[in-house]
1. Go ahead and collect, in residue order, the members of the range B:364-385 whose backbone nitrogen is under 20 Å from a label point 7 Å along the Cα-Cβ direction of A:R195.
2. Project the alpha carbons of the range B:255-389 onto their principal axes and report the range along each, largest first, in whole Å.
3. Excluding same-chain residues fewer than 8 positions from B:K318, which lysines have a Cα within less than 18 Å of its Cα?
4. Against the empirical 2.2 N^0.38 Å scaling, what ratio does the C-alpha Rg of the range B:253-312 come to?
5. Find the eigenvalues of the gyration tensor of the Cα atoms of the range A:56-112, then list the square roots of 5 times those eigenvalues as equivalent ellipsoid semi-axes, largest first, in whole angstrom.
6. Check each residue of the range B:205-222 and keep those whose accessible area, probe 1.4 Å, is at least 20 Å² smaller with all protein chains in place than in the chain alone; give them in order of residue number.
7. Tell me, what ³J(HN,Hα) does each residue in the range B:593-603 have, in order and in whole Hz, if you take phi through Karplus 6.51 cos²θ - 1.76 cosθ + 1.60 with θ = phi - 60° and put x for Gly and Pro?
8. For B:G351, which sequence-distant residues (separation of 5 or more, or a different chain) have an amide H within less than 5 Å of its own amide H, given hydrogens modelled in the peptide plane?
Amino acid sequence: MVDLTLVLNFHAEGHLAKVSTASAAMAVERAKRGGNQVRLIAVMDRPDELTRSVVESHGSIWDGILECDFGDLGLARNFAVDSVATPWLCFMDGDDLCGDEWLVKACLVAETEDCSRAFLHPEWIFYFNESDLLNQSQTATPRPGAKSFYMRQVSSTEPHFDANVLRFNNVYTSNQLGLISLYKGFPFRSVDHVRGFGVEDWTWNATGLAMGVRHLVVPETVHLVRVREIDSLGKANARANLLPELTPLPRVHGLRV
Amino acid sequence: MQLPRRETMQMARLRAMYAPVFMAGWYLKRYPDVVNSELDPLDHFVAQGEKEGRDPSPYFKTMWVATQFPGRSTEHDQDRPLSRFLSTPIRSGIKPHPCIDPVWILAQRPELSEAAALLKALDVDDTIDHTSEWFSRREYATLYPDLANVEYLEDHFLSRGIVEERRPRSSYRVVERQEFLRGSARACKPVDSFAWDGSDFVVISTGPGKEILQQVMSQAALDPRICSAGVNAIAALPTFLATDLGARDLIDVDGLIRLAQSPYDAVIVLPGLGLGGAEKYLSQVAHVLDRRLEMAVLVLATDVAQDQVDELARTVRKGLLGRVDTVALRDLVDRTWKADQILALLLLAIGPKLIIVANSEIGFACISKYGKALSNYSHLVACFFSESPFAIGSPYSARFADALPAGSSIWSDNAAVQEQLGQRLDRASGWIDFAVVPQYVESADGYMVLAEVALRSSRWARSRAKRVLWISRWDRFKNTESLKRAAALRPTDSFDVFGPSTESLTSDGIPNIKGHGPVWDLARLDLSEYDCFLFTSQFEGMPNVVLEMVARQIPVVAPRVGGLTETFSDNGITFYANGSTQEETAIRINAALATLFSLEESAMRRRCVTAADELWERHSFEGFVERLRRATQDVASERLSHG
């Protein structure tokens, strides 16, 4: 049995927060039926009016609604780490959805694997791009130019995994499950506009890998990431021209973790 | 021929066993030679066909099945794969055909628990669609309408479909093992493998499995936008392995990682290594950083392919780039839409002391967007050579100069452009550091120069018809219209024009201009026949060609543009001022030429010597080294890298 808090991070998700909340609640119920103790907490960082309203209107779903004023996703995640009381913590962005099996299967792995220095991720990420609505296929074959896609994450323990790949793109999404004690050992960095660094999850993954933290995928699980034309975190980073701070990655060819 | 009784009995047993699954019509069509034998098709198969490796139906590959029975069992089953298959429980996992998985079929159709019934059903039961996880008759036929008349789809796929790279189902592919291990297919999950026709194949699921799709679809009940790409198409959307950036971001991640491992002190980013002045200038910078300042240098060419880079480094820039690594960034990131970001990540990974950018759109986009982060570890240098409202070259300085992060430097080969930039960039605050580093000019072959000067001098007084040399790129920014008009004003003189786009030059009614095409090696051009070098241009930085002509001691006529007057006085070069119209400029060129040609031979020679003295005063190799040393001294003392 895993004692877990699922934290949903909100900022300006608006109506999308309702869908994500419902998705999270389904996964939590499924995990509870699997014998786990799961709490669902909302962390709102400088939420806009609509987002606050949507989140608060689902008051009965939440085991807690926390608010902070950082305007920084990394610091909001650290705030969540410091605020929850369970030994395990899982993050989910407030406009994503998670597959029904993610939490319950992740809890099984958490019970059986040594996770003292490992974070768990869903094996599959489904990036669904709303712009495909204008290019929708009616057949079994996607239309040319379809932007939705699947990405399969791989464990850092797999033989062909090379941590150097993180120098050129992030290879793990931020919806991960791990021990609070491990999160506390690897706090997220805030965006540093003065030095030009940001992209907190990429930097965090690189830092952890360099320090020997393993990233393990939970087979047959999926997370759904909404790709929005506007207001997405990735686009905000792109607009701000921030780079991940990858200095912890050692200069060793074929680095294996 | 009379068979022994024991054999006759065995034949009869096999005949009875095979009859339900043997397809006589197919057999005769597949093996026409059997028609001429006196044997019934089934008898033929039992008597010899099976031993010869022939198939009893399109659903049973005799030779392939035999490989699944590595050891020999009973004597009577020896060389009898069909018999052994029919006698083996389906759950043992023996397959009759690479596309047919009896265990999988049994899971869907529990009534087909006998091997013979299953093989028979494959032929007669129209409701059988999937013959394995990865082969669907309906999907295969739907995907490829040209197969409408093909009767045996599994057989077609095996014999032709694989080679023709057809998919057995929309979300599965069959690839050779090599491709699976090395190519983008690594992104996909292997679900099966088999050897066929001398090759090893892996069946890969190009999308997530059924369980994942079910989880995705259950979320679609919350938000239908999940199915934006089409509810039926969702299983066949592209799949990427997160770590396979080659497929995901269209970059050569292995090549980039290799570069990122290298401890370069300086990275120079430029478009190519061609004949352009900027490219030559940066080649000189690379040469001196490498040879004299002992920095490990990487030259990244953003706009040309590696074979062109290699060729140009070997030929045009061979003396300068001998030891310097030259890499075509385009081959590593050409296909990606975020080349500037990938370049920034590469530079961040290398962490050189110096990053120098000139004339490269990707390079300037990189340091203007991500310069703040890069400047934590590297000193950024942008090279701008000229700026003019008319100008090629000016777009880079106009677009990127004021986006440089604090502490960056602007280098140029002339002070004029820095004065122009200084009109809108705050120099006093020290936000940007400015440095003028004029290029160096290699000494010309002394004997050749002496010979050319002597021949020119001997001809100077006696020949009234002069030969004028012009070398540049033939475009309007080079005031070619003024050149043509000046030539028309001097019909007795002849104008030999060299440079890109001059080979197809038409006279436009001006017969005394002749185009010759580009000059790949100025040092080998015989100047003895020319009486002067004429340079025309609306704007410039510090034109190399003028410097090289002065080094050859040929009289030079040039406009007062760019940095020319920083190096040369009126005693060395015969200057003219560009006019406000092409016509006015032409008149001034004509006047300058007339002034030069009116000089006594000794005065002409004095001008050449004076110009050469002025050249070496400012453009010597040692002077260049010293200026570069000063420009880089803040960064040369200590590696700023984070390694």
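The values are calculated or read from the model by the stated rules, or taken from the named source; none is laboratory data. In this text, all values refer to a predicted model and were calculated from it rather than measured experimentally. All Cβ positions, even for glycine, are placed from backbone atoms using ideal geometry, and neighbour counts span all protein chains on display. The accessibility values were calculated without ligands, DNA or RNA, using every heavy atom of the protein model including side chains. Shrake-Rupley method; radii C 1.70, N 1.55, O 1.52, S 1.80 Å.
1. B:367-380
2. Result for the range B:255-389: principal-axis Cα extents of 41, 34, 29 Å.
3. B:K318 reaches B:K280.
4. Details: Rg = 12.0 Å, N = 60, 2.2 N^0.38 = 10.4 Å.
Here the Cα radius of gyration is 1.15 times the empirical estimate.
5. Values: eigenvalues 99, 48, 31 Å².
For the range A:56-112, the semi-axes come out at 22, 15, 12 Å.
6. B:P208, B:E211, B:I212, B:Q215, B:V216, B:S218, B:Q219, B:L222
7. After applying 6.51 cos²θ - 1.76 cosθ + 1.60, I find 5, 4, 4, 4, 6, 7, 5, 5, 4, 5, 5 Hz.
8. none
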